[in-house]
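Undergrad: Below is the structure I would like to discuss, written out as structure tokens.
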Amino acid sequence: MIEAADDGLNHDIGGLQRVLAEKEQAKQMEPLIVRVDRGAGAYENRLVWRRGVKFTKVVALIFGALWAIDGFYKFQNGLYLYLPARILQDAAGHPAFLNGWYSWWYSFVSANTMFAAYGTGVLELLIAFSLILGFARKIAYFGGIVLAMIIWSVVEGFGGPYGVGSVTVGQSNIYALGMLFLIVFNSTYGSNPYTLDWFIEKRFKWWAKVAEIPRITAFGLKGWFARNSMKLSRSFAITFGLVYLSEAFLAFYYDLPAHIVGVVKAQAAMAPPSLNGWFSFWEGQVSAAPAFYAYLVGILELLLAVCLIFGLGRKIGYMGGTVFAILAWGVGEGFGGLPTAGYTDPGTGIIQAVIFLMLLSLNATHGTDPFTLDAQIERRFKWWKKIAEMSY
């Protein structure tokens, strides 16, 4: 009996040691585990975290490359020579209450043209460096939003001036929206091992304040962004939907059928010889039925706006939006176009496609979003999840 008791005691001690070892291992791997809320329930899922951080890094690399292209071309093609005239052009089509805004910027840029162009280029390259290498990301996210909104409101004239031939509401505002989604990703998945920040934080804990949108605060509570991750992604999806709604309005209001052929021909004229077949095909298609393609674009943009704003058929909408954005980029924007005089960026469609992919990833992480029409439909028709959710 004594031997049996000793065996039982040894077994209990061994079990306790295993439990303590598992707890210590779990503590060390805490960043690798993310709490995922799915409606009323919740569970710990390391696989979700692993996929999320990998996708976050891929998105950051794409955005970093786009920022790098923008920054590089600020030093090319004599861009600084065109900036003052560009601001005057944008100011001409805006309401009088914005005269002071454009007047100040025109005076500043006219007196410091090279500083304005090259300074913007340097800032864009720094943001690209941060995103690609994963260095001081939080500063890059918020700094990128501020810089993008300044460019949108000054150089791009809030997407205008709007008139015949207008088809978009700007480009830099989409960059800002993409950076907002990166903030949501950072707060959702936490520290990313595919970044320089991860390695710096191992040695200097305080660096997390520079690099991370905190998932867990110093008091052991979820950070504000982490607590509101689902609400923020819904809000940003609505904002993205308003962009598409505005572009659909422009397509119908400013008679896109009368201009769509000219848009495609202009991109075809600037395309390299290797893309002649691609643009020849689309030019023939659009020229044969300009009204059909113009209204098709407007209707698809309207459907995407409904999907994004109301949260209806999100999975299908996000996947379809990715394809649509890439086609719009490849046809209407000529894959960003050739870098000619005044060239500053590689186009908007590619950024919109990446944002749709980010929405798909967040859908897979968050699950059913109670702030959508999809959630209401799923309560009655379970099969609707196959249309609305990435995981069901």
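Undergrad: For the stretch 332-363, which residues satisfy the criterion of being at pLDDT 90 or above and among the β-branched types (Val, Ile, Thr)?
TA: Within the stretch 332-363, Ile350, Ile351, Val354, Ile355 meet the criteria.
Undergrad: Return the residue satisfying two criteria in turn: it lies in the stretch 293-322 and is of a type in the set (Phe, Trp, Tyr) and at pLDDT 95 or above, and of such residues it is nearest to the chain's Cα centre (by Cα).
TA: Selected residue: Tyr318.
Undergrad: Please identify the pairs in which a residue from the stretch 117-141 that is under 13 Å from Trp198 (Cα atoms) has its Cβ atom under 8 Å from the Cβ atom of a residue that is polar (S, T, N, Q) and at pLDDT 95 or above, counting only partners at least 6 apart or on another chain.
TA: Between residues of the stretch 117-141 that are under 13 Å from Trp198 (Cα atoms) and residues that are polar (S, T, N, Q) and at pLDDT 95 or above, the close pairs are Ala136/Ser130; Arg137/Ser130.
Undergrad: Return yes when Ala388 is buried (at least 22 other Cβ atoms within 10 Å of the Cβ), more than 27 Å from Phe225 (Cα to Cα) and touching a residue at least 12 places away in the same chain (Cβ under 8 Å) and no when it is not.
TA: no
Undergrad: I would also like to ask the following. Which one of these is part of a helix (DSSP H, G or I), touching a Lys or Arg at 6+ places or on another chain (Cβ under 7 Å) and farther than 20 Å from Leu177 by Cα: Tyr80, Tyr118?
TA: Every option except Tyr118 fails the conditions.
Undergrad: Inside the stretch 170-235, counting only helices (runs of 4 or more DSSP H) that do not spill past its ends, which hold 2 or more residues that are modelled with pLDDT of 90 or more and buried (at least 20 other Cβ atoms within 10 Å of the Cβ)?
TA: Per the criteria, 172-189.
To keep it simple, each residue is scored yes or no on (1) touching a Gly at 6+ places or on another chain (Cβ under 7 Å); (2) of a type in the set (Ser, Thr, Tyr); (3) at pLDDT below 80.
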site: Gln25; (1), (2), (3): no, no, yes
site: Met29; (1), (2), (3): no, no, yes
site: Trp49; (1), (2), (3): no, no, yes
site: Ile62; (1), (2), (3): no, no, no
site: Lys74; (1), (2), (3): yes, no, no
site: Leu83; (1), (2), (3): no, no, no
site: Arg86; (1), (2), (3): no, no, no
site: Ser103; (1), (2), (3): no, yes, no
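Undergrad: For the list (1) farther than 22 Å from Ile62 by Cα; (2) at pLDDT 90 or above; (3) charged (D, E, K, R), I need the number of the one condition that Lys138 fails.
TA: Here Lys138 clears every test but (1).
Undergrad: Cβ contacts < 8 Å: first residue farther than 17 Å from Leu131 by Cβ and hydrophobic (A, V, I, L, M, F, W, C), restricted to the stretch 44-67; second residue assigned to a helix (DSSP H, G or I) and modelled with pLDDT under 80, any location; separation 6+ or different chain. Result?
TA: Final answer for the pair search is Trp49/Leu32.
Undergrad: Only helices (runs of 4 or more DSSP H) wholly contained in the stretch 260-371 count here; list those with 3 or more residues that are free of Cβ contacts under 8 Å to residues at least 24 places away in the same chain, among the hydrophobic types (A, V, I, L, M, F, W, C) and within 20 Å of Leu250 (Cβ to Cβ).
TA: Helices (runs of 4 or more DSSP H) meeting the threshold: 290-310.
Undergrad: Could you check, for the stretch 193-204, whether at least one of its residues is touching a residue at least 60 places away in the same chain (Cβ under 8 Å), acidic (Asp, Glu) and under 27 Å from Gln352 (Cβ atoms)?
TA: Checking the stretch 193-204: not a single residue is touching a residue at least 60 places away in the same chain (Cβ under 8 Å), acidic (Asp, Glu) and under 27 Å from Gln352 (Cβ atoms).
The values are calculated or read from the model by the stated rules, or taken from the named source; none is laboratory data. Computed from a predicted model, the values in this text were never measured in an experiment. Heads up, the Cβs are rebuilt from the backbone with ideal geometry, glycines too, and the neighbour counts pull from every protein chain shown.
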